[in-house]
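Some notes on the structure that comes next.
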Amino acid sequence: MWISYIGHATLLLELGGATILTDPNFDPKLGRILPRVSPPGIALEKLPALDAILLTHAHADHLSFDSLERLPRGIPLLAPPVIAKWLRRLGFDHAVDLAPDESTRVDGVAIHAAIATHRGNRYGFDRWRSSANMYLLDAGPTAETIFFAGDTALVETTHALVERILWGNGRELDLALLPIGYAPWWKPGFRKGHLTHDDALTLFERLRARVLVPYHWGTFRHVTATAHDAIERLRERLSSHHLSAAVRIIEPGESLELSPEEGDARP
């Protein structure tokens with residue numbers, strides 16, 4: 001299993017013979033305003049052949065129309081139904097509905113969806129477009145599993161998809177891909193739809209995963225935080241955290257190979 005961090009929430013995942021791209025955003029600026037601080041770890045035109053694209057919600061940092069226009073058509077673009085319908089109306093005929101609690105298969109990899117605790121509508125007026133997904137990728141009973149959270153808050157049910165699909169069948173999660181963000185004290189609502197670095201560590205422990213790879217950092221400057229605020233705080237926290245050995249921080253442009261034989265670092 002290979003994981004390449006392209007930037008923000010864009011990761012290239014290779015498992016079970018399938019190559020999957022998450023929330024593609026190769027834009028030089030976020031919303032045409034906030035500059036990118038590091039180039040995409042893999043240039044869009046250098047991507048390998050893709051078997052599927054996962055889209056979690058409609059926010060501009062996760063859904064780049066320009067990036068979708070530049071990617072080959074015909075690759076299944078899995079998204080919450082209301083988002084997939086919108087994309088098809090805009091001409092992306094390869095957008096496919098995948099609602100929470102539904103599953104599909106891509107080249108032998110099962111992809112399960114669950115609802116994320118995140119208001120994902122694109123604009124202030126389109127509340128009906130607020131659906132957000134999380135995904136569990138399962139390459140088979142004796143193969144790798146990946147949980148990709150998109151954007152979500154930490155609630156009591158955030159781990160329920162892993163519990164139902166894996167724990168219920170005597171299996172455990174291999175890799176947790178979790179976003180990290182920085183919430184300044186004057187922005188108390190941040191955690192209603194996002195994970196801080198501490199929340200990500202808590203969710204990692206609840207998921208009982210073997211390895212955590214954090215994302216959502218090192219790519220764009222934000223209005224309330226720099227691109228590195230969250231990762232700097234995570235690194236500081238890991239200096240004394242009991243799960244520090246299981247956290248793999250990969251920079252934009254770096255890749256990680258996770259083998260089944262690698263030591264089990266679960267709590």
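The values are calculated or read from the model by the stated rules, or taken from the named source; none is laboratory data. Being a predicted model, the structure only gives us computed values, none of them experimental. No Cβ is skipped: glycine too gets one built from the backbone with ideal geometry, and neighbour counts run over all protein chains shown. For the accessible areas, the whole protein counts, side chains as well, though only heavy atoms, and no ligand, DNA or RNA atoms are used. Shrake-Rupley method; radii C 1.70, N 1.55, O 1.52, S 1.80 Å.
Listed values, structure above:
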{"quantity": "Relative contact order %, the chain, counting alpha carbon pairs below 8 Å whose residues are six or more apart", "calculated": "20"}
{"quantity": "Carbon and sulfur %, accessible surface of region 189-267 computed with the full protein complex present, 1.4 Å", "calculated": "45"}
{"quantity": "Rg/Rh ratio calculated on Cα atoms of region 155-228 (Kirkwood radius)", "calculated": "1.04"}
{"quantity": "Length released on extending from residue 88 to residue 222, taking residue separation times 0.36 nm less the Cα-Cα span", "calculated": "45.3 nm"}
{"quantity": "Gaussian network model of the chain, Cα within-10 Å springs - most flexible of 67, 255, 239", "calculated": "239"}
{"quantity": "Region 109-153: translational diffusion in µm²/s, Stokes-Einstein, Kirkwood Rh over Cα pairs, 25 °C, 0.890 mPa s", "calculated": "209"}
{"quantity": "Surface per residue (accessible, 1.4 Å probe) for region 62-118, Å²", "calculated": "44"}
{"quantity": "Dipole in debye (nearest 20) - the chain, about Cα centre, beta carbon charges: Lys, Arg +1; Asp, Glu -1", "calculated": "1000"}
{"quantity": "Rough spin-label spacing in nm, given labels placed 7 Å along Cα→Cβ, for residue 104 and residue 192", "calculated": "3.2"}
{"quantity": "Rg(Cα) / (2.2 N^0.38 Å) computed for region 1-57, rounded to two decimals", "calculated": "1.15"}
{"quantity": "Positive-end residue of 108, 47, 96, charge dipole of the chain with Cβ unit charges", "calculated": "96"}
{"quantity": "Kirkwood estimate for region 132-179, i.e. one over the average of 1/r between Cα atoms, Å", "calculated": "11.1"}
{"quantity": "Gyration tensor (Cα) of region 64-182, equivalent ellipsoid semi-axes in angstrom", "calculated": "25, 19, 12"}
{"quantity": "Region 100-244: proportion of alpha-carbon pairs further apart than 18 angstrom, %", "calculated": "59"}
{"quantity": "Residue-averaged 222 nm ellipticity for the chain, from DSSP H runs of 4+ at -39500 (n - 2.57), nearest 500", "calculated": "-4500 deg cm²/dmol"}
{"quantity": "Inter-label distance for residue 34 and residue 143, nm, one decimal - labels placed 7 Å from Cα along Cα-to-Cβ", "calculated": "3.6"}
{"quantity": "Over region 1-115: Rg over Rh, Cα atoms, Kirkwood Rh", "calculated": "0.94"}
{"quantity": "GNM result for the chain, Cα springs below 10 Å: residue of 160, 246, 132 fluctuating most strongly", "calculated": "160"}
{"quantity": "Dipole moment magnitude, nearest 20 debye, region 153-267 about Cα centre, only Lys, Arg, Asp, Glu C-beta charged", "calculated": "460"}
{"quantity": "Aspartates and glutamates whose Cα lies under 20 Å from that of residue 85, excluding same-chain neighbours fewer than 8 positions away", "calculated": "23, 61, 66, 69, 93, 97, 101, 102, 126"}
{"quantity": "Pair-distance profile P(r), taking every C-alpha pair of the chain, with 10 angstrom steps and integer %", "calculated": "7, 32, 40, 19, 2"}
{"quantity": "Sites matching chymotrypsin sites (Phe, Trp or Tyr not before Pro) across region 1-50 that sit in DSSP coil, with at most 10 neighbouring C-beta atoms within 10 Å", "calculated": "none"}
{"quantity": "Highest-fluctuation residue, 86, 186, 217 considered, GNM on the chain with Cα pairs under 10 Å", "calculated": "186"}
